[in-house]
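Structure first, commentary second.
The values are calculated or read from the model by the stated rules, or taken from the named source; none is laboratory data. Bear in mind the structure is a predicted one, so any value in this text is a computation, not a measurement. FYI the Cβ positions are ideal-geometry reconstructions off the backbone, even for glycines, and counts take in every protein chain you see.
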């Protein structure tokens, strides 16, 4: 494995391995990689590794079993599973028959699961039985009694089959197991599978990925095989993967970060993923050393906890090439600590969303490092996967006025809008939301506020739906948060707008204290007053613990839930009227 090559030389090697871009299905991409690297590991766990050839064969057995159940190309199949090797096999099995994967956030509770199963029109469900304190089969008992033999029943008339992967719970004898599914395919099913593998339309849906929802109910983002593969190749190209790169992460593969940026991207260099079911900094540090990880992928919250651990215990980073830290705001010192404590030679960050398949911008591993402090990366290099009509990239950005939608000059802050071949065509079975998401020229409204400079570097400054209006003036919480995060007694500050009868909305700062001593609320408000315009100065301060911050799968605070928490906290502290 060549690790001494510079990023440009690694990109040249990657391009030399792959010819002109040809749309393929995800299963065909796995098969191509298996033909070249069949004996290499694709999935590495502490218990055992699974080679490319083993994952290929496993996915084919599962695909034949899916055909035996009567599933057909275009059918939606929901998947509730953590980062087990079985998740990988199931995803490629669905791709083989042209079925559409509906990966579901396994943190959802029963009523939330009800919504996604129904809205997605899923015809089958593949679920793990338990994870830590969750019993998913009990949820099914409540949602669809008799699911073991009757599927979704009257509650979910389209859902005909439920398959159970035994993870941590107690097996249900009457339920069809994943092992039984793998043994269910007949010779006729195997023969049909060989034909279907070649007939899958790479431009048709491969996935309906439900947004984790920073602003409300999740929506099913439609992605195609070709979109996923193009985005994944661009990630491997921009991050300059060396041959055989090993990527360690605990980000869930039901989300595009773990799925596209890690699992699918590694296929292009015969690499491997080291997926963790849950995040544990000690387990991650030990696994990075034990399995010779070349890249660790984290969101900032995970990165900080990992750094806290290795600061105390040390870390052997001889194999570590890259640290990919993205998905939220990072303290300025974090980047230096990554290099100093983990030994990562290349440190990168990026920006993307489910609607753009994966990251669309990324800093370059060769630098310059100041871009880590001042941006969320440049338009991602795409190599052979790029769109010539877009100058070789896969997505373009510009800013528009949040109120009028009018284009703004380059370098002017505004709402970011995007277009390109990896931008979703819309949300599944939500025509109104799809129409609202795009402007008349077909640009996707991201809901994020930022700026794109003349060099193609993008910098986030806030989120439209997190903004609020105080006295008619728009306030962007990020500006206040950045100021307060510099206070020595503040570990994290998050700002939300709360209803106010006079001002419309006023700011409330949710503060995670640093250490045992809380800062005085009046001191924090005075700090804002000395640096910010009056309408930006928060009215309220509430204190919260880190675990109280509601997060999406990618580590972003869910501001609409945080707003509700702040309102409850303030109501609890208000003096009650006497009678």
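Based on this model, can you work out whether residue 30 counts as surrounded by 15 or more Cβ atoms within 10 Å (Cβ to Cβ), outside the structural domain of residue 387 (by TED's automatic domain parsing) and under 29 Å from residue 285 (Cβ atoms)?
no
Residues are listed down the side, and each one gets a yes or a no for (1) closer than 27 Å to residue 208 by Cα; (2) buried (at least 19 other Cβ atoms within 10 Å of the Cβ); (3) within 19 Å of the chain's Cα centre (by Cα); (4) in the same structural domain as residue 250 (by TED's automatic domain parsing):
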| position | (1), (2), (3), (4) |
| --- | --- |
| 317 | no, yes, no, yes |
| 329 | no, no, yes, yes |
| 332 | no, no, no, yes |
| 335 | no, yes, no, yes |
| 338 | no, yes, no, yes |
| 354 | yes, yes, yes, yes |
| 362 | yes, yes, yes, yes |
| 370 | no, no, no, yes |
| 379 | yes, yes, yes, yes |
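Looking at region 440-472, which of the residues that are assigned to a loop (DSSP other than H, G, I, E, B) and on the phi > 0 side of the Ramachandran plot is surrounded by the most Cβ atoms within 10 Å (Cβ to Cβ)?
Among those residues, the one meeting the criterion is 456.
Quickly run through region 399-427 and pick out the residues that are in contact (Cβ under 8 Å) with a residue 12 or more places away in the chain, part of a strand (DSSP E or B) and more than 20 Å from residue 466 (Cα to Cα).
Those that are in contact (Cβ under 8 Å) with a residue 12 or more places away in the chain, part of a strand (DSSP E or B) and more than 20 Å from residue 466 (Cα to Cα): 419, 427.
Of all residues in region 554-568, which are in a helix (DSSP H, G or I) and either within 22 Å of residue 463 (Cβ to Cβ) or assigned by TED's automatic domain parsing to the domain that holds residue 262 (or both)?
559, 560, 561, 562, 563, 564, 565, 566, 567
For region 185-299, which strands (runs of 3 or more DSSP E) that fit wholly inside it have 1 or more residues that are closer than 16 Å to residue 321 by Cβ, in contact with a helix residue (DSSP H, G or I) (Cβ under 9 Å, 6 or more places away or on another chain) and not assigned by TED's automatic domain parsing to the domain that holds residue 76?
Answer list for region 185-299: 246-249, 272-275, 295-298.
How many residues are in contact (Cβ under 8 Å) with a residue 24 or more places away in the chain, surrounded by fewer than 17 Cβ atoms within 10 Å (Cβ to Cβ) and not in a loop (DSSP other than H, G, I, E, B) if we restrict to region 428-439?
Within region 428-439, residues that are in contact (Cβ under 8 Å) with a residue 24 or more places away in the chain, surrounded by fewer than 17 Cβ atoms within 10 Å (Cβ to Cβ) and not in a loop (DSSP other than H, G, I, E, B) number 1.
Taking the condition out of contact with any helix residue (DSSP H, G or I) (no Cβ under 6 Å at 6 or more places or on another chain) and over 15 Å from residue 459 (Cβ atoms), does residue 428 pass?
yes
Taking region 13-30 only, how many residues are assigned to a loop (DSSP other than H, G, I, E, B) and either modelled with pLDDT under 95 or within 13 Å of residue 233 (Cα to Cα) (or both)?
7
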